[in-house]
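What follows is a single structure, written as structure tokens, with notes after it.
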Amino acid sequence: MVKRFKQRDIISIRHFNKEELLYILDLTKRMEQMDYTDILKGKVLASLFFEPSTRTRLSFESAMQKLGGIIIGFADSGITSVAKGESLSDSIRIIEGYCDIIVLRHYLEGSAQLAADIAEIPVINAGDGANQHPTQTFLDLYTIQKTKGTLEGLTVGFLGDLKYGRTVHSLAYALAYFGAEMFFISPASLRMPRDCIEELRNRTVTCHESDSLSGISRKLDVIYCTRIQKERFADPVEYEKVRGIYRLNKALLEEMGIKNNLKILHPLPRVDEMDESLDRTNYAVYFHQARNGIPIRKAVLSAVLGAIE
Amino acid sequence: MVKRFKQRDIISIRHFNKEELLYILDLTKRMEQMDYTDILKGKVLASLFFEPSTRTRLSFESAMQKLGGIIIGFADSGITSVAKGESLSDSIRIIEGYCDIIVLRHYLEGSAQLAADIAEIPVINAGDGANQHPTQTFLDLYTIQKTKGTLEGLTVGFLGDLKYGRTVHSLAYALAYFGAEMFFISPASLRMPRDCIEELRNRTVTCHESDSLSGISRKLDVIYCTRIQKERFADPVEYEKVRGIYRLNKALLEEMGIKNNLKILHPLPRVDEMDESLDRTNYAVYFHQARNGIPIRKAVLSAVLGAIE
Amino acid sequence: MVKRFKQRDIISIRHFNKEELLYILDLTKRMEQMDYTDILKGKVLASLFFEPSTRTRLSFESAMQKLGGIIIGFADSGITSVAKGESLSDSIRIIEGYCDIIVLRHYLEGSAQLAADIAEIPVINAGDGANQHPTQTFLDLYTIQKTKGTLEGLTVGFLGDLKYGRTVHSLAYALAYFGAEMFFISPASLRMPRDCIEELRNRTVTCHESDSLSGISRKLDVIYCTRIQKERFADPVEYEKVRGIYRLNKALLEEMGIKNNLKILHPLPRVDEMDESLDRTNYAVYFHQARNGIPIRKAVLSAVLGAIE
């Protein structure tokens with residue numbers, strides 16, 4: 001059953017069932033196929049970024065304005081009243097008086113839910129610390145659906161930092177609706193959290209864990225890479241070692257054996273975990289993935305603001 | 001007599017007589033009642049914030065765009081040519097070539113008047129140091145008028161930092177047109193400046209001063225609170241003492257005795273001078289007050305840009 | 001021959017021949033004479049400023065929006081994924097998916113060309129380090145053409161920092177198409193680079209070099225001043241000496257003898273190299289020059305986005 005999206009908060013991927021995910025992906029496709037200029041005319045989006053972002057902020061702001069909407073907001077909390085000691089609750093209560101919808105990126109887990117509880121207008125979580133970033137998962141799903149032709153029954157490898165990578169946890173959660181088999185490939189210190197694995201298994205997902213792609217790569221329909229952050233390692237030598245292992249390049253991948261129609265995703269930014277030799281291959285869909293941010297965010301904004309059914 | 005607002009600079013509350021204040025409040029009411037989409041189409045507002053602001057900047061930018069106008073500007077002087085040593089005069093002379101109206105927040109007293117003297121287009125002062133912020137006073141007046149039904153003959157208490165609080169000085173100045181009786185409640189070190197009190201008395205306002213609300217609270221129609229800033233105190237112990245005394249909460253207020261229809265205003269941001277127990281009461285109008293920033297700024301922009309009479 | 005401007009990158013003044021320069025100046029004139037509201041409706045400009053700018057950024061953003069277009073972007077690289085180690089190439093590849101045209105200011109020479117090579121959409125260089133800023137040169141040319149009535153056969157003095165001043169190099173290059181005679185007046189340590197002089201002479205420009213205006217001033221139709229930056233001098237005493245010599249004021253100029261219709265340009269910001277006594281004279285056209293940023297940028301955006309022929 002698809003709950004109404006109109007006036008709905010978009011906080012966590014866990015608030016959406018399979019039908020709702022498919023509904024959003026279907027709206028997104030319509031956004032790519034047709035021109036919906038001016039359906040959000042006069043509507044105001046407050047784009048509140050307490051943390052840096054390029055992709056998410058710019059794609060929300062482009063999507064909103066392409067549909068005729070208006071943007072207010074900030075890209076940096078240093079220029080706000082937070083500097084004067086204002087609580088997030090008070091900021092939200094005030095700003096909701098100036099707009100029709102809030103997009104919030106904040107460094108604290110739970111901040112988006114807090115904002116949604118306070119505001120009478122809808123709040124979209126654009127990342128709350130290491131927790132949730134649901135429109136990123138929507139666009140990951142959309143990219144897989146579009147480039148693989150289906151979401152059903154795929155074999156998906158997750159590679160890199162699986163411990164802290166919020167995009168991985170959310171995407172794995174969502175793909176569990178679609179009968180995916182999952183391989184989790186990471187250094188021992190950055191493995192998938194135990195409760196995530198357990199939950200996936202309870203939902204009858206076949207999960208495998210490993211510290212290397214070798215022997216696995218040829219089974220995968222999709223590889224979802226993430227950035228391994230230096231800050232996660234106490235010992236820089238350990239970091240350098242791990243980083244080398246999880247760096248993908250075209251020659252290495254083809255040598256290990258992969259399916260012809262393998263697709264590689266990455267939430268970006270990357271640092272050096274994917275070699276540029278991959279960029280021009282048919283495997284690489286990460287730039288295409290980033291661009292799907294526009295139709296996905298058009299779909300979410302239109303649905304939540306009640307401009308489309 | 002109401003002077004024409006078209007092309008007029010909005011620099012200080014002192015430049016407006018009673019009729020002009022009522023005219024702006026009347027325009028504001030019309031802005032709340034009707035939709036004036038597109039009356040500022042093609043007009044450009046330069047939003048120049050040399051100091052942080054959430055409320056003022058976002059409400060100006062929302063108001064302008066809701067009326068069809070365009071925004072350029074900055075929210076932080078670090079990203080401007082000021083960093084290269086450019087004078088404010090030169091910045092204004094250049095930027096006025098790109099826009100139809102300037103909204104200026106600057107840390108120096110007198111900066112808005114300087115900008116207005118230089119620019120041929122109208123300038124709105126959105127705060128010049130500790131000096132003036134006239135659209136804040138308009139919205140304070142509008143909030144009182146709307147929630148009390150009238151501006152005439154009210155008994156108003158000002159609470160907190162009355163020495164440095166520019167909003168208090170301006171609001172007291174404006175309310176003197178309307179026969180208010182005023183109570184000024186503050187720690188001794190943060191009393192209303194002597195010249196303000198003197199001027200109010202010369203304008204036949206009955207002024208009282210005190211260091212506590214007790215015995216006074218039951219007389220008040222309106223309490224206007226302000227934030228007491230730690231930086232104002234040489235001695236942190238002194239600050240902690242004072243802060244406790246001027247912290248309002250529901251139980252305390254009701255215990256002291258208050259009118260049923262007391263309204264509490266605050267220019268926000270608050271830190272902890274008003275307890276959250278007040279937020280859901282009928283006394284608290286501060287969030288409503290902040291929201292009045294939209295119709296007030298719509299009214300001022302439309303009037304000054306000659307889009308409405 | 002005028003190459004199509006539609007979808008063309010605007011990277012360096014060197015990519016434009018005389019006819020193309022005149023074509024842009026002609027479009028600019030049309031932009032001043034007529035109202036082209038909405039010809040860029042629905043188009044998105046990504047305004048990517050990795051370095052501070054007031055004039056360039058605000059004039060691009062005003063021009064784009066006055067023509068009905070949309071802005072996304074940032075004014076400060078601190079708030080982007082660059083902080084997470086993302087390469088410029090990746091940023092461009094992603095952002096081009098969100099917009100129709102990119103305006104880039106970046107501190108590295110060659111960055112704009114790099115961006116243009118990567119992006120499939122057009123890129124406008126809004127300054128790449130000390131290298132190129134072609135729309136600045138367009139507006140310098142337009143200002144000279146408009147205030148002198150012609151670009152042909154003028155005697156032009158360049159004054160100040162001729163070594164590092166990218167605007168000087170570009171303007172001299174462009175004026176060489178129009179038979180200008182050029183005087184380069186600077187301290188010895190900040191002379192025009194040898195290869196610039198040599199190239200101009202090869203293009204049959206009569207070039208003179210000098211360390212003072214005296215004896216020259218009466219010959220000039222145009223003086224193009226630039227800021228002398230303190231950072232260029234190892235010895236602050238040397239800086240103070242030089243700075244005094246190259247500071248223009250009205251009395252000094254008239255005493256030395258100048259043509260009645262001399263026009264003084266400056267790319268701004270100035271610090272103190274032009275005295276305010278000049279501002280109200282007919283010689284000073286620098287504020288007018290800054291304002292020409294609007295029609296110039298309207299012309300460039302419209303031409304490159306194919307909205308005008």
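Values in this text are rule-based calculations from the coordinates and carry no lab data. Being a predicted model, the structure only gives us computed values, none of them experimental. For neighbour counting, all protein chains shown are included, and Cβ atoms are generated from backbone atoms with ideal geometry for every residue, glycine included.
Things to note:
- Of the residues B:244, B:234, B:176, the one whose Cα sits farthest toward the positive end of the charge dipole of the range B:135-290, with +1 on the Cβ of Lys and Arg and -1 on the Cβ of Asp and Glu, is B:176.
- Pairs of Cα atoms farther than 19 Å apart, the range B:39-198, %: 60 percent
- Over every Cα atom in the range C:1-40, the radius of gyration and the widest Cα-Cα span, Dmax, amount to 11.6, 31 Å.
- By the compact-protein rule of thumb, 2.2 N^0.38 Å, the alpha-carbon radius of gyration of chain C corresponds to a ratio of 1.01.
- Pair-distance distribution of the range A:135-290: all C-alpha pairs, bin width 5 Å, starting at 0; shares per bin in whole percent are 2, 9, 20, 24, 22, 15, 6, 1, 0.
- Measuring between their Cα centroids, the range C:94-154 and the range A:81-146 lie 37 Å from each other.
- Top positive-direction residue, dipole computed over chain B with Cβ charges, set B:189, B:278, B:95: B:278
- Charge dipole (debye, nearest 20) of the range A:135-290; +1 at Cβ of Lys and Arg, -1 at Cβ of Asp and Glu: 240 debye
- With a 10 Å cut-off around each Cβ of A:63-73, the average count of Cβ atoms from other chains is 5.
- Order of C:195, A:272 under a 10 Å beta carbon neighbour criterion, fewest first: C:195, A:272
- Between copies, residue A:130 shows label-point distances of 4.6, 4.6 nm, shortest first, with the point placed 7 angstrom from Cα along Cα to C-beta.
- Nonlocal amide H pairs with residue C:264, under 5 Å, H built at 1.01 Å: C:223, C:284, C:285
- More than 52 Å apart - percent of Cα-Cα pairs taken over the protein assembly as shown: 26 percent
- From the Kirkwood radius over Cα pairs of the range B:123-205, Stokes-Einstein at 4 °C and 1.567 mPa s returns a whole-number translational diffusion coefficient of 98 µm²/s.
- Phi-derived couplings, Karplus 6.51 cos²θ - 1.76 cosθ + 1.60 at θ = phi - 60°, listed residue by residue for the range B:22-36: 5, 4, 5, 5, 5, 4, 4, 4, 4, 5, 6, 8, 10, 9, 10 Hz, with x used for Gly and Pro.
- The range B:1-53-the range C:200-255 distance, computed between alpha-carbon centres (Å): 47 Å
- Cα-projected label distance for residue C:232 with residue C:201, points at 7 Å along beta-carbon direction, nm: 2.2 nm
- Candidates A:69, A:215, A:165, ranked by Gaussian network fluctuation over chain A, Cα under 10 Å, top entry: A:215
- Among the chymotrypsin sites (Phe, Trp or Tyr not before Pro) within the range A:84-148, those in coil by DSSP and having at most 16 neighbouring Cβ atoms inside 10 Å are A:107.
- Nearest-to-axis residue in chain A, judged by Cβ distance to the rotation axis that brings A onto B and given in whole Å, is A:76, 4.
- Restricting the range C:117-226 to trypsin sites (Lys or Arg not before Pro) that sit in a DSSP loop and have at most 13 other Cβ atoms within 10 Å of their own Cβ leaves C:203.
- Calculated SAXS-style log₁₀ I(q)/I(0) at q = 0.13 Å⁻¹ - the range A:9-82, Debye, Cα scatterers: -0.52
- Sparse packing (at most 11 other Cβ atoms within 10 Å of the Cβ) combined with a DSSP loop state is found for the following trypsin sites (Lys or Arg not before Pro) in the range B:1-80: B:4.
- Entries of B:43/C:41; A:18/A:263; B:298/C:41; C:3/C:66; C:66/C:146; B:66/C:66 with Cα pairs more than 20 Å apart: A:18/A:263; B:298/C:41; C:3/C:66; C:66/C:146
- Here's how it looks for residue A:184: its modeled amide H is under 5 Å from those of A:158, A:208, A:209, A:210, which are all 5 or more places away or on a different chain.
- The range A:89-150: mean projected area of Cα convex hull, nm²: 4.9 nm²
- Helix-only arithmetic for the protein assembly as shown: the sum of -39500 (n - 2.57) across DSSP H runs with n ≥ 4, divided by the residue total, places the mean residue ellipticity at 222 nm at -11000 deg cm²/dmol.
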